[in-house]
Amino acid sequence: MYVCICHALNDKKVKAALDKGATNPASVFRHHQCQVKCGKCVPMMRSMAAEHQAVLAQQAACHPTPVPEPANADAVPAALPVYAVAAE
Ligand code: FES
């Protein structure tokens, strides 16, 4: 399905731009090295970008990135010493 008639951008080309990091119609055009002409495709591209961002956010929520170990993780003792508190 054609999304942008002026530049012959179909939904696959728009999706490819979104997969490569485009987040809005301007960045989709930039990805394909063109500029908006008539602008009739912008609302459709905007909704495709919003839908793509929602899917990415949902995937990030399901698969959070693990927190990396600090570089000096092996320098920290496994069990810290327990200090007694003097009772009065
Ligand atoms: S349809 Fe995309 S700029 Fe005209």
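Summarising the label geometry, the points placed 7 Å from Cα in the beta-carbon direction at C34 and S47 lie 2.1 nm from one another. Computed from the C-beta positions of C62 and K12, the FRET efficiency with R₀ = 22 Å rounds to 0.30. Contact order, relative form, for region 2-62: 33 percent (alpha carbon pairs under 8 Å, 6 or more residues apart, mean separation divided by residue count).
Database remark: amide H of L9 closer than 5 angstrom to the amide H of V3, C4 (H placed geometrically; neighbours at sequence offset of 5 or more, or on other chains; Pro and chain starts carry no H).
Bear in mind these aren't lab numbers, they're just calculated from the coordinates by the rules spelled out. Just so it is clear, the model here is predicted, and its values are computed rather than measured. Counting neighbours? That spans all protein chains shown, and the Cβs are built from the backbone with ideal geometry, glycine included.
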